[in-house]
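One structure below.
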Number of protein chains: 2
Amino acid sequence: MPQNLFSDLPESLPDEVTTVLHEGHGGRVERIVSLGHRSPDGFWYDQPEDEWVMVLKGAARLEFEGSFVELRAGDSITIPAHQKHRVAWTTPDEPTVWLAVFFGG
Amino acid sequence: MPQNLFSDLPESLPDEVTTVLHEGHGGRVERIVSLGHRSPDGFWYDQPEDEWVMVLKGAARLEFEGSFVELRAGDSITIPAHQKHRVAWTTPDEPTVWLAVFFGG
């Protein structure tokens, strides 16, 4: 049966909520729901896997070392393995729904 | 720079249009735009890769051997490698935008 990515959005979001939609040989697909969440100051993701990420709803700002990328609904970007990045901002007034695909691992 | 999946929708769609959004170690991500397209009668996809697919916009009906699955915007489903399937229907009056992730291969 299909899983709908816009259904069952958490009503309360003290923390980001991650749901694994698919996991198997070759990688996994996650839905991440944020509400004003951002990475802690000084924290950088440094992942062993290539990540392809899209904003389905809401908006966000990713920070790379030396640059920022704004993502609106529909925007997607590839984050190569070990490219340091952090979430600098997500919409505080409505949930931001991310779709993240991790390859390998 | 981000790629927006709702931008640059083809104006004319005599055939489905597939855009590779990411390809690398572990798999690839494709956007597929349909407009009333369906698989030819008797045609079945039989893929060596696991596929995770989502309808971003529009609606579609997938056929499996012995069953149908309706997909509305936001719906996602995993199609395991070698599970035979075909596209039985897509919206004829507006484009259906698919996001398809293929793992392995």
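The values are calculated or read from the model by the stated rules, or taken from the named source; none is laboratory data. This structure is a prediction, so every number in the text was calculated from the model and none was measured. Here Cβ is always computed from backbone atoms with ideal geometry, including for glycine, and neighbour counts include all displayed protein chains. Just the protein is used for accessible areas: all its heavy atoms, side chains included, with ligands, DNA and RNA removed. Shrake-Rupley method; radii C 1.70, N 1.55, O 1.52, S 1.80 Å.
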Item to complete: Mind listing just one residue for me: the one in segment B:52-85 that is facing chain A (nearest Cβ under 8 Å) and touching a residue at least 40 places away in the same chain (Cβ under 8 Å) and, of those, nearest to A:A73 (Cα to Cα)?
Response: B:L56
Worksheet item: Restricting attention to segment A:38-59, does a residue exist that is of a type outside the set (V, I, T), at positive phi, open to solvent by less than 40 Å² (accessible area, probe 1.4 Å) and modelled with pLDDT of 95 or more?
Response: yes
Discussion item. For segment A:60-100, which positions are assigned to a loop (DSSP other than H, G, I, E, B), touching a strand residue (DSSP E or B) at 6+ places or on another chain (Cβ under 6 Å) and at negative phi?
Written reply: A:A73, A:P80, A:A81, A:T91, A:P95
Worksheet item: What number of residues within segment A:16-37 satisfy the criterion of being under 18 Å from A:E94 (Cβ atoms), in a strand (DSSP E or B) and among the acidic types (D, E)?
Response: 0
Response to the item:
Every listed condition ((1) outside any loop (DSSP other than H, G, I, E, B); (2) among the polar types (S, T, N, Q); (3) open to solvent by 10 Å² or more (accessible area, probe 1.4 Å)) holds for B:S12 save (1)
Worksheet item: Name the residues in segment A:22-31 that are surrounded by 14 or more Cβ atoms within 10 Å (Cβ to Cβ) and free of Cβ contacts under 8 Å to residues at least 60 places away in the same chain, would you?
Response: A:H22, A:E23, A:G24
Discussion item. Taking the conditions exactly as written (open to solvent by 40 Å² or more (accessible area, probe 1.4 Å), over 21 Å from B:D75 (Cα atoms), free of Cβ contacts under 8 Å to residues at least 40 places away in the same chain and outside any strand (DSSP E or B)), does A:S7 satisfy them or not?
Written reply: no
